Amino acid sequence: MFVKNKMTANPFTISPDQNIPDAHEIMSTHGVKRLPVIKNGKLVGIVSREDIIKASPSMATTFSIGEITYLLSRTKISQIMKKNPISIKSSALLEEAALLMRDNAIGFLPVVDDEKLVGIITESDIFDSFIEMLGFRDPGTRLTIEADDEPGILSNLTRIIGDHGANITHVAVYRGSSGKSSVVVGVNSLNTVEMEKTIEKQGFKIIYKIHNKG
């Protein structure tokens, strides 16, 4: 799956010449936590709620409300934004976005094509995609099967499932360190008893099962 399939297109943005109250109003009105900062059509930074909080005077100060409001109105977004943010193309894989977020300890990526901001993707989008790709909410049965980490194992499993008239909807393989792998297979059937018996007769071990009636 690609970033363009899960990103939020045409996100809310802000200019580096706008101020903290402007950013706060946009975030509050639209329920967002971060804003790409755009200048002359190009991405120049990111500003978040955390950036605003850090830049705001503490309520424990001796400033009056009027003084605080004045200070915030004089603080431009360019002064508090994170410059040169990491971005990703819409044609990139979701796995690439996940790696960038993980390796750089960030939960948000602007999506940029030909120097133009076309969307944003967040860690929540990645989580939703992970659930979708594994078919966790899809009706049917999910079997987690312990198998030897050897060539031909997956083809044997798919043959058994096909012989029992079930359709494979999702597959994931988690490789272990002891010569064993956990194969998660989603099938479009709730009646898998005979299939499970055949799978175990062929030397596999079913270690977990979930039925989802949708």
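The values are calculated or read from the model by the stated rules, or taken from the named source; none is laboratory data. Predicted model only: the values in this text are computed from it and were never measured. Here Cβ is always computed from backbone atoms with ideal geometry, including for glycine, and neighbour counts include all displayed protein chains.
Within the stretch 199-214, residues that are among the aromatic types (Phe, Trp, Tyr) reach partners that are assigned to a strand (DSSP E or B) with beta carbons closer than 7 Å, at six or more positions or on different chains, in the pairs Phe204/Ile145; Phe204/Glu146; Phe204/Ala147; Tyr208/Thr144. The residue that is nearest to Pro139 (Cα to Cα), counting only those in the stretch 172-214 that are of a type in the set (Asp, Glu) and surrounded by fewer than 13 Cβ atoms within 10 Å (Cβ to Cβ), is Glu194.
Checking each residue in the stretch 85-108 for being free of Cβ contacts under 8 Å to residues at least 40 places away in the same chain and either of a type in the set (D, E, K, R) or touching a strand residue (DSSP E or B) at 6+ places or on another chain (Cβ under 8 Å) (or both) picks out Ile86, Glu95, Leu100, Met101, Arg102, Asp103, Gly107. With respect to the conditions (1) modelled with pLDDT of 95 or more; (2) under 29 Å from the mean Cα position of the chain (by Cα); (3) of a type in the set (Val, Ile, Thr), Thr198 falls short on a single one, namely (2).
Just so you know, in the stretch 26-41 the residues that are modelled with pLDDT under 95 and more than 24 Å from the chain's Cα centre (by Cα) include one that is surrounded by the most Cβ atoms within 10 Å (Cβ to Cβ), and it is Gly41.
Answer yes or no: is there a residue in the stretch 120-131 that is assigned to a loop (DSSP other than H, G, I, E, B) and either hydrophobic (A, V, I, L, M, F, W, C) or outside the structural domain of Gly45 (by TED's automatic domain parsing) (or both). No; the residues of the stretch 120-131 include none that is assigned to a loop (DSSP other than H, G, I, E, B) and either hydrophobic (A, V, I, L, M, F, W, C) or outside the structural domain of Gly45 (by TED's automatic domain parsing) (or both). Do we find a residue being under 28 Å from Ile88 (Cα atoms), among the aromatic types (Phe, Trp, Tyr) and in a strand (DSSP E or B) anywhere in the stretch 166-175? Within the stretch 166-175 (the criterion being under 28 Å from Ile88 (Cα atoms), among the aromatic types (Phe, Trp, Tyr) and in a strand (DSSP E or B)), the answer is yes, since at least one residue qualifies.
Screening Glu146 against (1) in contact with a Phe, Trp or Tyr (Cβ under 9 Å, 6 or more places away or on another chain); (2) of a type in the set (Asp, Glu); (3) farther than 30 Å from Asp128 by Cβ leaves a single unmet condition, (3). Restricting attention to the stretch 1-44, the residues being more than 27 Å from Leu94 (Cβ to Cβ) and in a strand (DSSP E or B) number 2.
Could you go through the stretch 108-118 and let me know if any residue there is of a type outside the set (S, T, N, Q), assigned by TED's automatic domain parsing to the domain that holds Phe12 and assigned to a loop (DSSP other than H, G, I, E, B). There is at least one residue in the stretch 108-118 that is of a type outside the set (S, T, N, Q), assigned by TED's automatic domain parsing to the domain that holds Phe12 and assigned to a loop (DSSP other than H, G, I, E, B).
If you go through the stretch 90-108 and keep only what is polar (S, T, N, Q) and surrounded by 15 or more Cβ atoms within 10 Å (Cβ to Cβ), you end up with just Ser90.
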